[in-house]
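Since the structure comes first, as structure tokens, the remarks are kept for the end.
The values are calculated or read from the model by the stated rules, or taken from the named source; none is laboratory data. All values reported here derive from a predicted model rather than from experimental measurement. Here the Cβ is made from the backbone with ideal geometry for all residues, glycine too, and neighbour counts use every protein chain on show. These accessible areas exclude ligands, DNA and RNA; they are computed on the full protein's heavy atoms, side chains included. Shrake-Rupley method; radii C 1.70, N 1.55, O 1.52, S 1.80 Å.
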Amino acid sequence: MSESLLEMRGISKVYPNGVVANAGVNFSLREGEIHAVVGENGAGKSTLMKMMFGMEEPSEGEMLLRGEKVRFRSPQDAIDSGVGMVHQHFMLVPSFTVVENMILGMEPRKGLGINRAEAERVTRELSAKYNLHVDPNARVEDLSVGMKQKVEILKALLRGAQILILDEPTAVLTPQETEELFRELKLLKQAGHTIVFISHKLKEVKTLCDRITIMRAGRTEGVFETASVTEQEISRLMVGRDVVLKYDKEKKAKGKPVLAVRDLAYTNAAGKKTLDRVRFAVREGHILGIAGVEGNGQAELVKALTGHLPGATGTIDVAGSVVAGQGIKAVRGLGVAYIPEDRMRQGAAKEASIADNLISTRYAKKEWNRGPFLDRRRIAQMSKDMIERFKIRCKGPEQEIGMLSGGNMQKVIVARESSASPRLLIAEQPTRGVDVGAAQLIHQRLLELREQGCAIVLLSADLNEVLELSDSLIVLYNGGVAAYFDDPSGVSEEKLGLYMLGLEQQSEEEAGKAYDL
Amino acid sequence: MNELLNIVFSTDFAFSILRVATPILFAALGALISNKAGIVNIGLEGIMLVSALTGVVVSAQTGSAWVGLAGAVLAGLLIAAILGFFTLKFRTHIILGGVAVNMFASGGTVFILYLVSGDKGASTSLKSEVLPNVRLPLVEDIPVLGPILSGHHLLTYVALLSVVAMYYLLKRMPLGLRIRSVGENPHAAQSVGVRVNRVQFTALLLSGLFASLGGAYMSMGYLSLFSRDMTAGRGWIGIAAEAVGRSTTVGTFLSSLVFGAADALANALQILKIPSELVATTPYVTTVVGLTVYAIAETRLKKRKARRHSPSDS
Amino acid sequence: MIFNTRNFEKIRTLAVVLISLLIAFLVISIISEHPLKTIGIFLFEPIRTVSHIGNVVEMSIPLMFTGLSVVLLFRTNLFNLGAEGIFYFAAVVASSVAIHFAANAFFHPVVAVLAGAVVGALLSAIPGILKAKWNVNELVSSLMFNSILFGVGLYLLNYYLRDPQSFSNSSYKFRPSAMLDVIVPGTRIHSGLIVALLCVAAGHYFMYRTKWGYELRMTGANREFAEFSGINTTKVIIMVHLIAGFLAGMGGSIEVLGMYNRLQWASLPGYGMDGALVALLAKNNPASVIGAALFLAYIRIGADQMARMSDVPAEMISIIQAVIILLISAEQFLKFWKNRMLLKEAGVRE
């Protein structure tokens, strides 16, 4: 016990909207180690780290630093106690120089002004000491991502960080930059710093870290010495099933192809290839599941499918029409419906009523208008039907959608998107963060649509969901199709995990079967 | 035409540019410091007006121009503090807060003027004081430059020094660094322990300080009395100058001078029969054109960037 | 139950109005020699005589137009305060039609008002297009436009409309055929009231019953969501600017032709900024604009009468207005109370 530098005991975090992000988590950090925290998206890693850095306060549980109870009410408290964090989205002021970013909030003074010589000196000294080389007088906006990350690490060190939390630091780095980062982190470790390394890239974790804490569904699944576990074991613990969902669905004859994606590729503004020759096809009455760890091209794929990714190459063909950066209106015109991942921003207008949110994709159609006016009676009737059919718990169609729980809000969105008899439905994380009841209802609705002949692309981080619902399945890794399964029912999560984490990869020929026309 | 050139190239005209530009410059500095902290203070016009009145009233009551100036500054700070309290604490929309300040000022100053002097138009019945003009020894003896630079109102020099101070504050002082960080990326500022609200409040107070000096100049220098709506849009021109100056200290200073020159020229241009009403719109037209040109350039730049990163084999 | 979260906004608005009136009473008590009498005048004089009631209604007409105009913009989440300049400029346009053209008593005002309104719409579209196409900040550009339109309008007034025989910046007299009819004898309430009420009704139906109004509301509530639903929000933003400019322009035209026989505005009349206050009081609801405009007109006439009959100047009203704006747009004001109520309601449900 005494060897723990930092210990978190029985930590729970319940957000005001009822989401349980952490439930009875125990975590302990030894001095001078590099400790990995791994887990899928939504497993609770970020929440745990936010509490460790004072950005959130735990609802329950206690935190001990060198055996003494501590409570971090703000990041400042954490900084004062020697905890530093490198956020995934950098906390830098773009127009400032490196030095200015370094000293912000703790400026060395000379008279009224900043002692710039001193500021530059400490920056140079620190960067020489830890071998983190950056030009102190460069503007941060001109730096590469890898350089910015160095600035972030230096910032934390300057503030006396003994414990350094890095939130998915390699997600944005090139392989060369990643290697460099690892060398630097090892150096930091030698200098006596303790590092928490959040990742879901198992190879990296194996090469870099001393111990691993595995998280799943808001709980810790165990702590291991890195040497004592294999990647396969970690993968199994990370992606195991919780509740087994079972749906009866009949195997169906192959329908006509609705969506054909060929050689889709995209390089983002930072020059990273986020989509790499993606090929697949979806037929009528067919659900294609897309699994993968977040950040492996899903977001870009959806943007391309909904006509929002200028600069993408390759072809996307919906029922014979080529979709290329035409915008979502044109895409919807082809009979495509879309359940977006970010329901608060793209899926719903919080302050508008349930009825208004239900009609948003169809309000302009003739059948919903009478002369110059919207047919309010018809819209009200439809809304009531939807509320009943989807068991949406609310006070009525006129209630603001923002007052509903996440699950009920999502039901409204699913109701809207599924009721226009779409030809193709793109469902992005349709049940993330919703309760089990709502999730089941949504799943059943997707299967109904499948019965009706709708083609569905289902992107989900919930393996249970993709495995159970999909007729066929692809795994995205690093922007490319890593694997294709014609019949997902026979695939184990362990196997899937290996592909998702990049430990295995099908041959091009095998994966290419996803493009089945 | 010759007549006009004679006017424009006289030292008197150059002198009058500085004279006319002073309140615009103060307002522009007020706009600059609050914008840097991410707060759009459109209440500058109102703060100037209130300070202009307060300066007159307090100096008339005490018989001291200096106490009057102090009163003007305090009034400006007070209004900025109220605005800051509502916007930062109660989350009043900052623009609407500014509208409220302006509405209050345009009526409230007349209200108070009437209570104090019994007149709703001007403070002629009050024996208010003015701040002195200053002759710069040595400088005044320099040919050409001397008559342009020396002999101005005290607050004109304060305004010029304020430009230097502002530059130093934003570039060299810890507070300036924090103000800029809060305006540009409040999350980053917060993550290193900078208190965003407090910094914004400070910036708003400084904004009020500059506006109040501009107001004091109007009634205790430019003119020697208060009259209703005497700021006549100088607060707005200040906001325009800041926008055209691209939110930099130097740019703001230069565009304030240009707008001041346009204002000074308005009188001169009447000789050419160019209507003063139209000349008065030049700062605003310049601002709209400037903002548009800049926005178009920015849109183009973004498009070009996006294209550069898309694969060439498309 | 009255005190639930549904009524929260209404109660809050009421609380703000009461607080601002209390502040007004306080100010009166400090400066008036007969505070009770003065307060009495302020509160009741506007409804004491038919002609005073008439004054209230007359003043509410321009406020309804600019209020409605601002409601549409605010509801679309556009911070455009350009109604002020458009109101003024349209008045100049309508005045020139009223002075320089001849027509019968029906067409003359119609043409003059429409000319002002159409010019208003076109001018308003400029910041709208700049915003929609290049994302030029509509607030700054609309504020600049206020000053530009004032300058150009004053120039037109002084150089093309000015009556050389008058002393101040005053135009020629309007042709009688252009002026609006008085519809209530004993007052100056003119036919512009009917147009204003029709516009409010149309605004209400437009916003809540038509698909264009739906597009407007969704764009305002969440532009990204609207885009993702397939709404062309660029088009919506330009459309809203056109309509808002049309309304503000109509307001300015109707105000000069209804209330005056010459154009004498040598400064911006302030109705555009008042429109923001009306929109706030109306909580961005078209139908509530009527009540909000009447309330504002009421306290202003009350203040006018108070100035005439007591020792307190009318400009006191600006203090009340500032307090109303600050408090009504203050999200956090009384929020703690709403939160408590939410908790209570949640508790009841469980």
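What the Cβ-Cβ distance of A:Met106 and A:Thr315 gives, at R0 = 56 Å and to the nearest 0.05, is a FRET efficiency of 0.55.
Distance between the pseudo-spin-label points of A:Ala330 and B:Tyr168 (7 Å out from Cα toward the beta carbon): 5.9 nm.
Quantify, in whole percent, the carbon and sulfur part of the accessible surface of the range A:6-239 (1.4 Å probe; protein heavy atoms only). Could the numbers behind the result be given before it?
On the way: 4740 of 9700 Å².
It is 49 percent, rounded to a whole number.
Buried area at the A:C interface is about 2200 square angstrom, summed over both chains, from accessible surfaces computed with a 1.4 angstrom probe. Using a probe of 1.4 angstrom and keeping all protein chains present, the accessible surface of chain B works out to 42 square angstrom per residue. Computed from phi, the 3J(HN,Hα) profile of the range A:384-391 under the Karplus parametrisation 6.51, -1.76, 1.60 (θ = phi - 60°) reads 4, 4, 5, 4, 6, 5, 9, 6 Hz, with x in place of Gly and Pro. Once C-alpha pairs closer than 8 Å and six or more residues apart are averaged by separation and normalised to the residue number of chain A, the relative contact order reads 15 percent.
How many Cβ atoms of partner chains, on average, are near each residue of A:330-343 if near means within 10 Å of its Cβ? Please report the intermediate quantities before stating the final value.
Values: counts 1, 1, 3, 1, 0, 0, 0, 0, 3, 0, 3, 0, 3, 1.
Mean partner shielding for this stretch: 1.
Close lysine pairs were tallied over chain C: pairs 8 or more places apart or on different chains with Cα atoms under 20 Å apart number 10. Here the dipole of chain C is about 660 debye; that uses its Cα centre as origin and unit charges on the Cβ of Lys and Arg (positive) and Asp and Glu (negative). Could you give log10 I(q)/I(0) at q = 0.07, 0.10, 0.13, 0.15 Å⁻¹ for the range B:2-231, computed by the Debye formula over C-alpha point scatterers of equal weight, without solvent? Per q value, in the given order, log10 I(q)/I(0) is -0.25, -0.51, -0.80, -0.99.
Normalised by the empirical 2.2 N^0.38 Å for globular proteins, what value does the Cα Rg of the range C:89-128 take?
Numbers: Rg = 10.9 Å, N = 40, 2.2 N^0.38 = 8.9 Å.
Normalised Rg, Cα atoms only: 1.22.
For the range C:214-272, the solvent-accessible area with a 1.4 angstrom probe is 28 square angstrom per residue.
Among the listed pairs A:Lys203/A:Lys249; A:Lys329/A:Lys350; A:Lys329/A:Lys395; A:Lys272/B:Lys36; A:Lys249/A:Lys495; A:Lys203/A:Lys303, give every one whose C-alpha distance is greater than 27 Å. Among A:Lys203/A:Lys249; A:Lys329/A:Lys350; A:Lys329/A:Lys395; A:Lys272/B:Lys36; A:Lys249/A:Lys495; A:Lys203/A:Lys303, the Cα-Cα distance tops 27 Å for A:Lys203/A:Lys249; A:Lys329/A:Lys395; A:Lys272/B:Lys36; A:Lys203/A:Lys303. At an R0 of 25 angstrom, the distance between the Cβ atoms of B:Val134 and B:Thr62 translates into a FRET efficiency of 0.70. Any idea what diffusion coefficient chain A gets from Stokes-Einstein, in µm²/s, Kirkwood Rh on alpha carbon pairs, 20 °C, 1.002 mPa s? Diffusion coefficient, whole number: 86 µm²/s. Measuring nothing but alpha carbons in the protein assembly as shown and taking Rh as the Kirkwood radius, the Rg to Rh ratio lands at 1.00. Here the Kirkwood formula puts the hydrodynamic radius of the range A:349-419 at 12.0 Å, using every distinct Cα pair. Straight-line cross-link reach from A:Lys513 at under 17 Å between alpha-carbon atoms covers these lysines, not counting any fewer than eight positions away in the same chain: A:Lys254, A:Lys256. By the rule of a C-alpha distance below 30 Å, with chain neighbours fewer than 8 residues away ignored, no lysines are paired with B:Lys127. Residues of the range A:287-320 that bury at least 10 Å² of accessible area once all protein chains are present, compared with their chain alone (1.4 Å probe, heavy atoms only, ligands and nucleic acids left out), are A:His308, A:Gly311, A:Thr313. Between A:Ser144 and B:Leu4, the distance separating the two model label sites (each 7 Å from Cα on the Cα→Cβ line) works out to 5.8 nm. Using bins of 20 Å that start at zero, the share of Cα-Cα pairs per bin across chain C amounts to 28, 56, 15, 1, in whole %. With a 1.4 Å probe and all protein chains left in place, how much of the accessible area of the range C:67-280 comes from carbon and sulfur atoms, in whole percent? After summing per-atom areas, the C and S share lands at 64 percent.
Expressed in nm to one decimal, what extension gain is obtained for the pair C:Gln332 and C:Glu9 from 0.36 nm per residue of sequence separation less their Cα-Cα distance? If you can, show how the numbers build up before the last one.
Working: separation 323, 0.36 × 323 = 116.28 nm, distance 1.20 nm.
Here the segment from C:Gln332 to C:Glu9 would lengthen by 115.1 nm.
Across every direction, the projection of the convex hull enclosing the Cα atoms of the range C:87-211 has a mean area of 10.5 nm². FRET efficiency for the A:Glu509 to A:Val20 pair, using the beta carbon distance and R₀ = 56 Å, is estimated at 0.80. The ratio of the alpha-carbon radius of gyration of the range C:165-293 to the globular-protein estimate 2.2 N^0.38 Å is 1.30. When Rg and Dmax are taken over the Cα atoms of the range A:163-262, they come to 19.6, 63 Å.
Using a probe of 1.4 Å, the accessible surface attributed to B:Glu298 totals some 80 Å² when neighbouring protein chains are kept in position.
The label-point distance for B:Leu161 and A:Lys384, in a model that sets each label 7 Å from Cα toward Cβ, rounds to 7.6 nm. Using heavy atoms of the protein chains and a probe of 1.4 Å, the accessible area assigned to A:Thr174 is about 60 Å². Charged neighbours of B:Leu29, selected by a Cβ distance under 11 Å, balance to 0 (K, R count +1; D, E count -1). Legend: mean number of C-beta atoms from other chains within 10 angstrom of residue C-beta atoms, peptide C:229-236, equals 5.
What are the semi-axes of the equivalent ellipsoid for the range A:6-239, taken as the square roots of 5 times the Cα gyration tensor eigenvalues, largest first, in whole Å? Mind dumping the intermediate values first?
Numbers: eigenvalues 187, 87, 48 Å².
Taking √(5λ) for each eigenvalue gives 31, 21, 16 Å, largest first.
When chain B is treated as a Gaussian network with alpha carbon springs shorter than 10 Å, the biggest mean-square fluctuation among B:Asn185, B:Asn133, B:Asn41 belongs to B:Asn185.
The stretch between A:Phe373 and A:Glu448 holds 23.7 nm of extra length on full extension. This uses 0.36 nm per residue minus the Cα-Cα distance.
I need the trypsin sites (Lys or Arg not before Pro) found in the range A:258-293, filtered to DSSP loop residues with at most 16 other beta carbons within 10 Å of theirs.
Values: sites: A:Arg262, A:Lys272, A:Lys273, A:Arg277, A:Arg279, A:Arg283; in loops: A:Lys272.
Here the trypsin sites (Lys or Arg not before Pro) that fit, given the DSSP loop and packing criteria, are A:Lys272.
Determine which residues of the range B:95-110 fall in the zone a paramagnetic label at B:Ala232 would reach in this model, i.e. backbone nitrogen under 18 Å from the point 7 Å along Cα→Cβ. B:106, B:110, by backbone N distance to the label point. Computed as a quarter of the hull surface, the mean projected area of the alpha carbon convex hull for the range C:159-232 stands at 9.7 nm².
For the range A:349-419, with all protein chains in place and a probe radius of 1.4 Å, 48% of the accessible heavy-atom surface sits on carbon or sulfur.
Peptide B:53-66 shows a mean partner chain C-beta count of 0 within 10 Å per residue C-beta. How charged is the neighbourhood of B:Gly63? Take every other residue with its Cβ under 12 Å from the Cβ of B:Gly63, and add Lys/Arg as +1 and Asp/Glu as -1. Every neighbour counted, the sum reads 0.
Computed log10 I(q)/I(0) for the range A:113-177 at 0.24, 0.25, 0.26 Å⁻¹: -1.18, -1.24, -1.29, from the Debye equation with unit scatterers placed on every C-alpha and solvent omitted.
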